[in-house]
């Protein structure tokens, strides 16, 4: 994968804690300890221009996130000052010269329920309406709802859940399926290993109308700094990326045989990948829109990109250095989809390469259609490829993480 | 002192003070007034000053307490009733009260000893005055009128012995010379709200002020007051105290909301350098124990805490120093902490600075680099956009759609996707379906009206053949069919064409489905079947029975009747074989297709899944038994979501702004002008819903 690095002079006076793209990827918001939020817009030359900057909080602003554009141009922020805020961009409709078309951001609400630093804030999936979840350092998850999406100044606190762990991050399951009840996962940066798992899964129960903890992810006992559900574009399972002392990717398969109330784990959770390549604390994880590439960044000052090949094993495909250089491009094994393109190959070469690989591959491909390989209790996959053998080490490794 | 420790009292203290050699601490509040020895492992109460007959006397109710800077036995308190009370710990009697100055008219907020002249005491009161007292003559010597409503804090300057600073509720700072009680020599407005506290820097000519406006400001008072630093905190600031031996560090406590004691580095005014979160309620007083490593604090939660600096939490260390985000085009934004450490270390002469200074310097140098990585040669993007714009998903017969889409995918280099389309074409081609269908129906006939069904099949057969005749030559047809079968094996491309439109396809596929359900019924009888074995005979079946239609065309219809008859004879011979034969439709394509689609979905390629589903149209229902409708819906909504991210929508689906009208019949509409233009030339709804719109 080839990237062209551009430096952006953000001019924040302190650390930038979060960067967020809007739904379309053409606007960007940054937030910093300097208590400011900045909004950047991309022009037709693909240059990012600062279009708004304002003091949002009276403490470090930890996270910034965009709402679905259906609800307008709306941002939410959370801060060390124990509040979360919802902001809306207003396009001036006044008649005075210079007033018309002027854009500015106004605070629509300030959510002051937390008694400690609010460490993360995320809008819920659009299908659920306008929901906002926050988590705080004292371990409380709060779910707010704007009953009237036209009135962003009115939010009601719908649910308050206490996890008893200092929380650092949260993520909604973005699934589009009505079969999946609303779900979110939270991570704790509590360093004390004896307190058990640092990633907890909460699910909404339609019958009891309550959120309840259904699972705690086994094997994650170190401080968790970031957590992210992969966009679920019709996968039968959920994927969760975790930034802890390493990068982890988990799959979560809903169990069919479990009654929700029974208190048993709702998901069959397996670790499909675990990377220690950063050699130090991993701070962030982020998925691309299709959930096929994971970006992780750590104290080594590098962004590493991970991609799953068709053998179901995750490989590093690129390393980007924080100083704007691309450390290296790792060519993965060519797949039938042709995911490789290195800096060296000219623009015409790849397509030819794809064509070749197609000829090589096509013969075995169709003849290798095989019935579902039943592996273990819950792993079911259809296998295509030259080898009839089931997927390699990643899966074997993951078996050890499966429930005893 | 080895550890952070605390002791709980019967009431909250408003203030605390240390004696000059920092071995004892006094705490004072409305209901508590005690002296403790600071010992190695604990705080030991040595004296309770709240003794006597009249404990409710307001002289005991203290806003502030000060320990003489020279005499170890002299204390002063500021009482809520306006008295300044002097205490002598060396008094033999139980009561240590030495003298009461009743000069102020209202509550006294603050008392403070002069750092060099131990007999000089100053007080600041709610009545807006400050008074100095001479402890030798036990008299108020001077009164300073601030001309403000109330004085909240007053403190002698450590740098010039005649000067003191006073802060008041109107947000102003006054600098006085004790020799000139008529007026202050400097006055300036420091905050937009009441100032609750001030503290002189022990070495610099700096004065820190703490206000309800949530800020701490540091003023350089060397000549004219210059604002050096502003720290904005999350709540009203109640007290501030500079950290000894650390030029830039200052401790603060909040008046509301925040229970922690924060130590700030004024050069990084956004996040506390260290934070002490032991208190359960807001802290009321802080006192450094003469060194930068220990301090004591009182709180409204009735505790007195002894803090070790090393036990502090460092909020900055938990703060995530990086941000990374993907956008829908695969570009990546990345912000990370700028690493200046190497640079700093190289410029510093070794041994010049203490270790703690260095960590503090690193703390201060907090800035981020931000980069935007524009993805070049973004094949996923090209694929997606190419397919999204070039795919044909309806309006033509399925095989045509498949061919078109397969070639679109092929041209974009997506061979797997191309194969999927070809597979769909093959599996849903009427020919193959037909064989399965015939067998399935035959099975049906075992249980029911043979004749009718048979006739129906035959008729259909003929119809198909006729259709075939019309569209292509027989000779080429056979070779093409063989080609197609080979396709199944080899997967190579054949641009095979198909002879049947949607009209023929539909009833077929419906029967096909029926065949399926029969297969499912049989399934219950024999469990031990396996897919590969089944699939194998199917091919033979096809090969065996492929000739009949050809013959049918070449010869008269009669022989074909015979072949049909023959196959019908088959079933009664043995039930097992019948089951075997019916398995053919069971191997049915829907399983393969759904697996293929699921595979693509799991690989994140929902585009293929959704496109195939749409292209299949009504035939999509055939998949329902293997592919949950909810999953199908999920794929479609997910695909729509991604298309939306790329803004691949029609003008017609956008939200209309301005003057608009809509048809009451179908609820579609648009800008009035545009609708008018459209309707001049058209009758049907512009949205394509087929409604004949009426606008009245």
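Readers should treat all values here as calculations from the given coordinates under stated rules, not as data from a laboratory. Worth saying up front: this structure is predicted, and the values here are computed from it rather than measured. For neighbour counting, all protein chains shown are included, and Cβ atoms are generated from backbone atoms with ideal geometry for every residue, glycine included.
Using only the Cα atoms of the stretch A:163-321, build the gyration tensor, take square roots of its eigenvalues as a ≥ b ≥ c, and label the shape rounded, prolate or oblate: rounded if a/c is under 1.5, else prolate if a/b is larger than b/c, else oblate. Cα axes put the stretch A:163-321 in the oblate bin.
Averaging Cα coordinates gives a centre for the stretch A:58-85 and one for the stretch B:224-262; these two points are 27 Å apart. Averaged over the residues of B:603-616, the number of partner chain Cβ atoms lying within 10 Å of the residue Cβ comes to 3. Inter-part distance, the stretch A:149-222 to the stretch B:164-195, computed on C-alpha centroids, equals 52 Å. Label-to-label distance for residue A:256 and residue B:55 is 7.3 nm, based on points extended 7 Å past Cα in the beta-carbon direction. Working value for the stretch B:1-100: equivalent-ellipsoid semi-axes of 22, 15, 12 Å, each the square root of 5 times a Cα gyration tensor eigenvalue, largest first. Dividing the Cα radius of gyration of the stretch A:188-277 by its Kirkwood radius returns 0.98 for Rg/Rh. Where in the stretch B:175-205 does the amide nitrogen come within less than 14 Å of the point 7 Å from the Cα of residue B:162, taken along Cα to Cβ? Of the residues in the stretch B:175-205, B:176-186 have backbone N under 14 Å from the label point off residue B:162. Restricting the calculation to alpha carbons of the stretch B:132-233 gives Rg and Dmax of 13.6, 44 angstrom. Relative contact order of the stretch A:143-237, taken over Cα pairs closer than 8 Å and 6 or more residues apart, is 27 percent. Contact order for the stretch A:163-321, expressed relative to its length and based on alpha carbon pairs under 8 Å spaced 6+ residues apart, stands at 16 percent. Distance from the alpha carbon centroid of the stretch B:30-67 to that of the stretch A:263-290 works out to 56 angstrom. With one equal scatterer per alpha carbon and no solvent term, the Debye-computed log10 I(q)/I(0) for the stretch B:197-345 at 0.11, 0.16, 0.21 1/Å reads -0.49, -0.88, -1.30.
Note on residue B:376/residue A:115: beta-carbon distance plugged into 1/(1 + (r/R0)^6) with R0 of 60 Å gives a FRET efficiency of 0.80. FRET efficiency for residue B:640 and residue B:684, Cβ-Cβ distance as r, R0 = 25 Å, nearest 0.05? Step by step, r from the Cβ atoms, then E = 0.55.
Between residue B:99 and residue A:204, the modelled labels are 7.2 nm apart [label points 7 Å from Cα along Cα→Cβ].
Here the spin labels are modelled as points 7 Å beyond Cα on the Cα-Cβ line, and at residue B:314 and residue A:264 they lie 4.7 nm apart.
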